[in-house]
Structures are given as structure tokens and as C-alpha cells.
Amino acid sequence: DCAGVCDGDTVIDCSDECGGTDFENSCGQCVEEGTEGTCHFDFELAETGQSTLFIFDSSIPDLGIGDEIGLFDDNGIIDSLGTEGQILVGVGVWNGSQVEVVAIESQDLSDFGGPILPGYVAGNTMTLKVWDTCDQVEYDATYTTGFGSGSFNGLFTNINAVSFDGAGVCD
């Protein structure tokens, strides 16, 4: 193991400390044991079996390490009654390299006696928001694609540029 013990189980934690107790929380941040840290975008959708992948290129300069990327559908299904509205359908944390974010599609199984599961509506266009860790502000963002349309289509979109008002490096 990392402590030099044969067949030992001591590991390196997310802070690169041998035997450390830090761990990666649900939004990809390395935090101290006993804390959960906080994620700005509170993502709680259950997987429905249907999704669209959004790939953010490693060359996006306006995102800072730790910035949260929130994918929204402005007219998605927000509850088990089929109500439409803005819903967070995927979240990622920028780590300076390519980030893949899976967006969850809604499913209406009520015709078969099942539930209506919240998520995006197929064919709608993804709206992007960024939580800037430097400014501690949520920004509406725009994006350009290298491949794909930016719509929720069950396939994937490659995003090669993101811009928002607070983009920049922490002071």
C-alpha cells in the first residue's frame, strides 16, 4: 500500500495524502472527512434509463477549476404530475480537462400504470448555467458546439466554448 505495508490497505485520498481521510463529495469536490462541502447545483433526479450526453472540451478557457456546470431544460417535466417548468437535468464540475455530463430524460409511464418521472423533454434545447467559484455567483452561460445541436436528443453534443459574464481567473 502507499504506507509500504505488504498487503496493507492504506490508500491515497483525494488530497494526495497517504492514509488521509479527505473524500470526493457528490459534486466532485475534495472535502475533509466529517464535512460534505456544498454543491451549488443540488441535483436529485433519479435515472430513468434515457439520457443525452454533453461533452465539454478540455480547451474551454473561461471555466475555472471547481466551477459547477448546470444543464437545464426550461420546459422539462418537474414533478410526478407532468408539470412543465425549468429543471436541472445534469451537473458536472470543471476540473481543467474534458468533462462529460449526462442529462436525464423524463419518462411518462402512466399509460402502463407507472409513474411520470421528471427530466428533460426530448427535442428541447439545453440551457447552461455556471456557478463561478471565484465570484460565488450563478451565471447564465452561452455555448458553442463542435458536434451536435445542443438539444436533448438521446445522442450527444460536444461543447467547445462557454462564455458568461463572470468568466475569468480567481484573483
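Every number in this text was worked out from the coordinates using simple rules, so none of it is lab data. Remember, predicted model here, so these are calculated numbers, not experimental data. Positions of Cβ are backbone-derived with ideal geometry, glycine not excepted, and every protein chain shown enters the neighbour counts.
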Inter-probe distance in nm under a simple model that places probes 7 Å from Cα toward Cβ, at Thr142 and Asp57: 1.7
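Nearest 0.05, what FRET efficiency do Ala122 and Glu47 give at R0 = 22 Å with Cβ-Cβ as r? Intermediate values should be presented prior to the final figure.
Details: r = 16 Å, r/R0 = 0.72.
After rounding, the FRET efficiency stands at 0.90.
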Rg over Rh [alpha-carbon atoms, Kirkwood Rh] for the chain: 1.05
Placed amide H near Val137: partners under 5 Å, 5+ positions off or other chain: Asp132
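Given the peptides 4-15, 143-154, 42-53, arrange them by the average over their residues of other C-beta atoms within 10 Å, most packed first.
Values: 4-15: 10.5, 143-154: 15.9, 42-53: 14.4.
With the highest mean Cβ count within 10 Å placed first, the list reads 143-154, 42-53, 4-15.
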Label-point gap, in nm, between Ser80 and Cys134 - each point 7 angstrom along Cα→Cβ: 4.4
Neighbour net charge for Leu155 - beta-carbon separation under 15 angstrom, K R +1, D E -1: -2
Sites Ile12 and Glu100 - FRET efficiency at Förster radius 35 Å, r taken between beta-carbons, to 0.05: 0.90
